[in-house]
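For reference, the structure is listed below as structure tokens.
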Amino acid sequence: AQKVTQAQTEISVVEKEDVTLDCVYETRDTTYYLFWYKQPPSGELVFLIRRNSFDEQNEISGRYSWNFQKSTSSFNFTITASQVVDSAVYFCALNTYNTDKLIFGTGTRLQVFP
Amino acid sequence: EAGVTQFPSHSVIEKGQTVTLRCDPISGHDNLYWYRRVMGKEIKFLLHFVKESKQDESGMPNNRFLAERTGGTYSTLKVQPAELEDSGVYFCASSQEERGGADTQYFGPGTRLTVL
């Protein structure tokens, strides 16, 4: 069975702090895909990143970075120098080559205070 | 390029009534998905269309839910009759590749359904 765990329900930080959102996944498939989505207060789910199981290279996009470690089944997301606009609920998700549906974690609500 | 759109954005109905949600995927996307998030819980898969065919409807909660995708374009999700536990946010997503599992799903803004 596939499962995604986001143990942090809510995180509060002050602007300019760095923050890491944790994501741990479970799957027996060898080919799988990991995703992060952002849900701002407006409600839509915004795609941030997609990673496949054969590519363990970390990725950086501006203030965002992702650390994929197969050894610990984790796909953590770090925001550097957080800003108020980063306030949102962030979802980690998984699907596999044999399963089209996304399996989501319960989400982490990030609040960035000025 | 227009994203995934959903209508209505909000719907408030009474228990026993019928509601129909609509989703327009990104143009050219053959894969269309419905998901639901009940208050505070994870987003859960409902079903997957490839063009007009139901590929996987394993997540549909019961036979009060009926999804259609006529002509392989937009999709509707009807709840009849609605129950209190149907309240939540219904998301639609679409992806381009034939093998959906290997492609990114782009989501719409969701429809917030409240059943009183």
> Of the residues in the stretch A:69-105, how many are closer than 21 Å to A:N58 by Cα, open to solvent by 30 Å² or more (accessible area, probe 1.4 Å) and of a type in the set (S, T, N, Q)?
Replying inline: 7
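Let's see how each residue does on (1) in contact with a His (Cβ under 8 Å, 6 or more places away or on another chain); (2) in a helix (DSSP H, G or I); (3) modelled with pLDDT of 95 or more:
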residue	(1), (2), (3)
A:Q57	no, no, no
A:I60	no, no, no
A:S71	no, yes, no
A:F77	no, no, yes
A:A81	no, no, yes
A:V89	no, no, yes
A:C92	no, no, yes
>> Against the condition more than 29 Å from B:T5 (Cα to Cα) and either part of a strand (DSSP E or B) or hydrophobic (A, V, I, L, M, F, W, C) (or both), how does A:T30 come out, does it pass?
In response: no
> Considering the stretch B:95-114 alone, what residues qualify as being more than 14 Å from A:K101 (Cα to Cα) and open to solvent by less than 10 Å² (accessible area, probe 1.4 Å)?
Replying inline: B:G108, B:G110, B:T111, B:L113
> Quick one: would you say B:V4 is open to solvent by 40 Å² or more (accessible area, probe 1.4 Å), of a type in the set (A, V, I, L, M, F, W, C) and within 14 Å of chain A (Cβ to nearest Cβ)?
Replying inline: no
> Taking the condition β-branched (V, I, T) and farther than 28 Å from B:G3 by Cα, does A:V46 pass?
Replying inline: no
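One line per residue, one yes/no per condition, for (1) among the polar types (S, T, N, Q); (2) more than 10 Å from chain A (Cβ to nearest Cβ); (3) in a strand (DSSP E or B):
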position: B:Q55; (1), (2), (3): yes, no, yes
position: B:N62; (1), (2), (3): yes, yes, no
position: B:L77; (1), (2), (3): no, yes, yes
position: B:P81; (1), (2), (3): no, yes, no
position: B:Y90; (1), (2), (3): no, yes, yes
position: B:T104; (1), (2), (3): yes, no, no
position: B:P109; (1), (2), (3): no, no, no
position: B:R112; (1), (2), (3): no, no, yes
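Residue by residue, here is whether (1) under 14 Å from the mean Cα position of the chain (by Cα); (2) open to solvent by 30 Å² or more (accessible area, probe 1.4 Å); (3) more than 17 Å from A:A93 (Cα to Cα) holds:
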{"position": "B:K41", "(1), (2), (3)": "no, yes, no"}
{"position": "B:K51", "(1), (2), (3)": "no, yes, yes"}
{"position": "B:P61", "(1), (2), (3)": "yes, yes, yes"}
{"position": "B:F65", "(1), (2), (3)": "yes, no, yes"}
{"position": "B:G71", "(1), (2), (3)": "no, yes, yes"}
{"position": "B:Y74", "(1), (2), (3)": "yes, yes, yes"}
{"position": "B:E85", "(1), (2), (3)": "no, yes, yes"}
{"position": "B:A93", "(1), (2), (3)": "yes, no, no"}
> Considering B:R22, B:R36, which residue is surrounded by 13 or more Cβ atoms within 10 Å (Cβ to Cβ) and away from chain A (no Cβ under 13 Å)?
Replying inline: B:R22
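For (1) within 14 Å of A:Y90 (Cα to Cα); (2) polar (S, T, N, Q), each residue gets a yes or a no:
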site	(1), (2)
A:Y32	no, no
A:P40	yes, no
A:I49	yes, no
A:I60	no, no
A:Y64	yes, no
A:N67	no, yes
A:T72	no, yes
> Restricting attention to the stretch A:55-64, does a residue exist that is open to solvent by less than 10 Å² (accessible area, probe 1.4 Å) and either more than 22 Å from B:E42 (Cβ to Cβ) or not charged (D, E, K, R) (or both)?
Replying inline: no
> Does A:F113 satisfy the criteria of being more than 10 Å from chain B (Cβ to nearest Cβ) and under 15 Å from the mean Cα position of the chain (by Cα)?
Replying inline: no
>> Could you check the stretch A:1-47 and list, in sequence order, the residues that are more than 10 Å from chain B (Cβ to nearest Cβ), under 15 Å from A:S87 (Cβ atoms), surrounded by fewer than 16 Cβ atoms within 10 Å (Cβ to Cβ) and without any contact (Cβ under 8 Å) to a residue 60 or more places away in the chain?
In response: A:P40, A:P41
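The values are calculated or read from the model by the stated rules, or taken from the named source; none is laboratory data. For clarity, every value in this text was computed on a predicted model and none was experimentally measured. Please note: Cβ atoms are built from the backbone with ideal geometry, for glycine as well, and neighbour counts cover all protein chains shown. Side chains included, ligands, DNA and RNA excluded: accessible areas come from the protein's heavy atoms. Shrake-Rupley method; radii C 1.70, N 1.55, O 1.52, S 1.80 Å.
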